[in-house]
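In what follows, a structure is listed as structure tokens, so that the remarks can point back to it.
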Amino acid sequence: MNDQEREHERAQRRENPDPTEGERPFPKPLMAVVIGLVAWGIGYIYVTQSNDDAAFGDHRTLATLQGPAPGAKVDGAQIYNAQCVACHQASGLGLAGVFPPLAESEWVTGDPKRLAQIVLHGVSGTLTVKGAAYNGMMPPFKDKLDDAEMAALLTHIRSQFGNRADAVDAKLVAEARSASADRTAPWKGDDELASFK
């Protein structure tokens, strides 16, 4: 074997083998786990009774799941907790510089018709609350809450967080809804709301 052949052989040994396209079988232990989980899921669905005792669940009754009965008193605090607490917080103090406070807010304790309009259509742009400017977007609730629910919510926020304003009834909300039925955009902050009558 001459030097050139030896060098060629050494070069071949230094190279990695060419990749192959052979099959790589699915690992058998993993396949057994997957099959076991599928079998367990099918068996669980098959043996689970749909009429299990309610004590095994989350203790909600059928009345809770169906919501309030027609004509039942609407709970404004419950609506506040479901719709408003994420922004205005449980304390009603909002988040400084981001979400305005409801506590002792002139918009909350002032004209209830204006407050109804704010909740019905939302607000965008600069809104000044207790001397601080907030520039954000409040969503409309006209399609989420009926008149009784909105009246309960407004009454709640006007009587909580240190506020001492009169209750709001569903008739006032219905009138506010009717007066602005053709409105499709949110109120433009201080500019529009200050001139609202």
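The values are calculated or read from the model by the stated rules, or taken from the named source; none is laboratory data. Values in this document were obtained by computation on a predicted structure and should not be read as measured data. Ideal geometry is used to build each Cβ from the backbone, glycine not excepted, and the neighbour counts take in all protein chains shown. In case anyone asks, the SASA skips ligands and DNA or RNA and just uses the protein heavy atoms, side chains included. Shrake-Rupley method; radii C 1.70, N 1.55, O 1.52, S 1.80 Å.
Can you tell me which of Arg183, Arg177 is surrounded by 16 or more Cβ atoms within 10 Å (Cβ to Cβ) and either within 30 Å of Lys73 (Cα to Cα) or of a type in the set (A, V, I, L, M) (or both)? Outline the logic, then answer.
Working: Arg183 fails: surrounded by 16 or more Cβ atoms within 10 Å (Cβ to Cβ).
Unique residue meeting the criteria: Arg177.
So is Val168 closer than 12 Å to Leu115 by Cβ and touching a Pro at 6+ places or on another chain (Cβ under 7 Å) or not?
Values: closer than 12 Å to Leu115 by Cβ: yes; touching a Pro at 6+ places or on another chain (Cβ under 7 Å): yes.
Yes; evaluated as a whole, the condition is true for this residue.
I'd like the residue in the stretch 134-165 that is surrounded by fewer than 17 Cβ atoms within 10 Å (Cβ to Cβ) and among the hydrophobic types (A, V, I, L, M, F, W, C) and, out of all such residues, is nearest to Lys113 (Cα to Cα).
Ala165
Inspect all residues belonging to the stretch 123-133 and state whether any of them is assigned to a loop (DSSP other than H, G, I, E, B) and either open to solvent by less than 60 Å² (accessible area, probe 1.4 Å) or modelled with pLDDT of 90 or more (or both). Don't jump to the end; show me each part of the working.
In the first step, residues of the stretch 123-133 are kept if they are assigned to a loop (DSSP other than H, G, I, E, B); the result is 130-131.
Applying the additional criterion that residues be either open to solvent by less than 60 Å² (accessible area, probe 1.4 Å) or modelled with pLDDT of 90 or more (or both) yields none.
No, the stretch 123-133 contains no residue that is assigned to a loop (DSSP other than H, G, I, E, B) and either open to solvent by less than 60 Å² (accessible area, probe 1.4 Å) or modelled with pLDDT of 90 or more (or both).
Cβ contacts < 9 Å: first residue on the phi > 0 side of the Ramachandran plot and touching a residue at least 12 places away in the same chain (Cβ under 8 Å), restricted to the stretch 109-138; second residue of a type in the set (A, V, I, L, M, F, W, C) and not in a strand (DSSP E or B), any location; separation 6+ or different chain. Result?
Gly122/Phe141; Gly122/Ala185; Lys130/Ala103
Looking at Glu15, Glu5, Glu21, which is the one that is surrounded by fewer than 10 Cβ atoms within 10 Å (Cβ to Cβ), more than 30 Å from Leu145 (Cβ to Cβ), modelled with pLDDT under 80 and acidic (Asp, Glu)? Step through it out loud before you land on a result.
Numbers: Glu15 fails: modelled with pLDDT under 80; Glu5 fails: modelled with pLDDT under 80.
Only one candidate passes the filter, namely Glu21.
Would you mind finding the one in Ala72, Ala63 that is among the small types (Gly, Ala, Ser), modelled with pLDDT under 80 and assigned to a helix (DSSP H, G or I)?
Being among the small types (Gly, Ala, Ser), modelled with pLDDT under 80 and assigned to a helix (DSSP H, G or I) holds for just one of Ala72, Ala63, which is Ala63.
Taking the options Arg164, Arg158, Arg183, name whichever one is touching a residue at least 40 places away in the same chain (Cβ under 8 Å) and either assigned to a helix (DSSP H, G or I) or polar (S, T, N, Q) (or both). Spell out the reasoning first.
Values: Arg164 fails: either assigned to a helix (DSSP H, G or I) or polar (S, T, N, Q) (or both); Arg183 fails: either assigned to a helix (DSSP H, G or I) or polar (S, T, N, Q) (or both).
Residue meeting the stated conditions: Arg158.
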